[in-house]
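The values are calculated or read from the model by the stated rules, or taken from the named source; none is laboratory data. Just so it is clear, the model here is predicted, and its values are computed rather than measured. All Cβ positions, glycine included, derive from the backbone under ideal geometry; neighbour counts span all protein chains shown.
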Amino acid sequence: MSAIRVPPNRPRSLHKLGCTIAACSLAPVALATDNPGAHEHGHARLQMAVEENRIDLMLNSPAYNLAGFEHGARTDAEKSRLADINRWLETTPLINTAAADCRVTDAAVELGGEEENHGGDIHHDHGHDEHDHHEDGHSDEEHHGEATHREYDVSQQLECSRIDADQEFTSALMGRFEGMDELTVEWVSPSGQGSARLTPSNRAFTVDN
């Protein structure tokens, strides 16, 4: 499993999170068929390090899962949607206890990736929803020469009132973003390491602490 990607402008503690996860080598707890670096719509990856009552988190997700599109925001509605997403990611714990007693103490949201126009005019008024896909599985953007692969990299630091042994956590991500079908969670804690796969119908997991 590849090490966590921490952009250079992240707070020092988040670089520590990347080093912690890399040092603990989460590969043994991942499925052999996983490809964490793949850009796959519907799937996202959340890494977490638990220490006493503090949790450091890093989320990587295709932008499509959260925004419903990956091109640059073109309309006021799309710009407003991205702003709302940023506010939510900066203020809402990506995971929480059943008692919801964790709060965000630091957060950073980065929307990066590639957006290229390979030539030719791009027409945006197709007479149907621009998010529709053709039968061959390619979006309208791809058919008109615009290749986009944009991703969210989100970091959070949480402080929780109490984290017990065998603590159960839940994630609000799939409740908030309908485009997210599966979330792979990987963690390290004083008791060891582990992983879980969350779905819209199963959003809880347990971490030994």
* To do: Test residue 81 against the stated conditions and say whether it is of a type in the set (Lys, Arg), closer than 24 Å to residue 194 by Cα, modelled with pLDDT of 95 or more and not in a loop (DSSP other than H, G, I, E, B).
  => no
* Asked: Of the numbered conditions (1) within 30 Å of residue 73 (Cα to Cα); (2) polar (S, T, N, Q); (3) at pLDDT 85 or above, residue 117 satisfies every one except a single condition; which is it?
  -> (3)
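Got a sec? Which strands (runs of 3 or more DSSP E) wholly within the stretch 143-207 have at least 2 residues that are under 14 Å from residue 48 (Cβ atoms) and of a type in the set (Phe, Trp, Tyr)? Can you show your working first?
Working: elements: 146-160, 167-171, 182-189, 192-198, 204-207.
Passing ranges: none, list empty.
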* To do: Please specify each residue of the stretch 84-109 satisfying the condition of being more than 15 Å from the chain's Cα centre (by Cα) and within 23 Å of residue 73 (Cα to Cα).
  => 84
* To do: State which residue is surrounded by the fewest Cβ atoms within 10 Å (Cβ to Cβ) when the search covers only the stretch 61-78 and only residues that are without any contact (Cβ under 8 Å) to a residue 24 or more places away in the chain and outside any helix (DSSP H, G or I).
  => 75
* What is the number of the single condition among (1) over 19 Å from residue 106 (Cβ atoms); (2) outside any loop (DSSP other than H, G, I, E, B) that residue 47 does not meet? -> (1)
* Residue selected from the stretch 48-71 under the condition touching a helix residue (DSSP H, G or I) at 6+ places or on another chain (Cβ under 8 Å) and of a type in the set (D, E, K, R), by the criterion modelled with the lowest pLDDT -> 70
* Asked: Taking the stretch 187-199, which residues are surrounded by fewer than 16 Cβ atoms within 10 Å (Cβ to Cβ), in contact with a strand residue (DSSP E or B) (Cβ under 9 Å, 6 or more places away or on another chain) and not polar (S, T, N, Q)?
  -> 190, 197
